[in-house]
1. Report, to one decimal in Å, the Kirkwood hydrodynamic radius for the chain based on all distinct Cα pairs.
2. Fewest Cβ neighbours within 10 Å first, please rank 38, 27, 12 accordingly.
3. At 0.36 nm per residue, minus the direct Cα-Cα distance, what do residue 48 and residue 34 gain on full extension? Give it in nm, one decimal, please.
4. Give me the one-decimal nm value for the distance between modelled label points at residue 19 and residue 41, 7 Å along each residue's Cα-to-Cβ direction.
5. Determine, for 25, 49, the number of other Cβ atoms within 10 Å of each Cβ, and report the residues in order from fewest to most.
6. If I build a Gaussian network model for the chain, linking alpha-carbon pairs within less than 10 angstrom, which residue out of 46, 22, 31 has the largest mean-square fluctuation?
C-alpha cells in the first residue's frame, strides 16, 4: 500500500460517508456521468437566472 492510499483510506474512514463523497467529487474531481449532467444543468440554470436579472454568473 502506498502512503497516498493510506492517507485517502484514513480520510474516508475518519470523515464518514458524506465527507468521502465530498472528497472524491469536489477535491479529487471524480464524478459519475450522471453527477456531471446534474452539475451542468445547475450551471445552465444559474446562467439563465443571471441573464434574466442582469447579474454576472461565476
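FYI, it's all coordinate maths here, none of it is from the lab. Remember, it's a predicted structure, so these values are computed and weren't measured experimentally. Here the Cβ positions follow ideal geometry from the backbone for every residue, glycine too, while neighbour counts run over all protein chains shown.
1. Radius from the Kirkwood sum: 13.7 Å.
2. Ascending Cβ contact count within 10 Å gives the list 27, 38, 12.
3. Difference between extended and current length: 2.9 nm.
4. Result: 3.1 nm between the two label points.
5. Ranked by crowding around the Cβ, least crowded first: 49, 25.
6. Top of the fluctuation ranking is 46.
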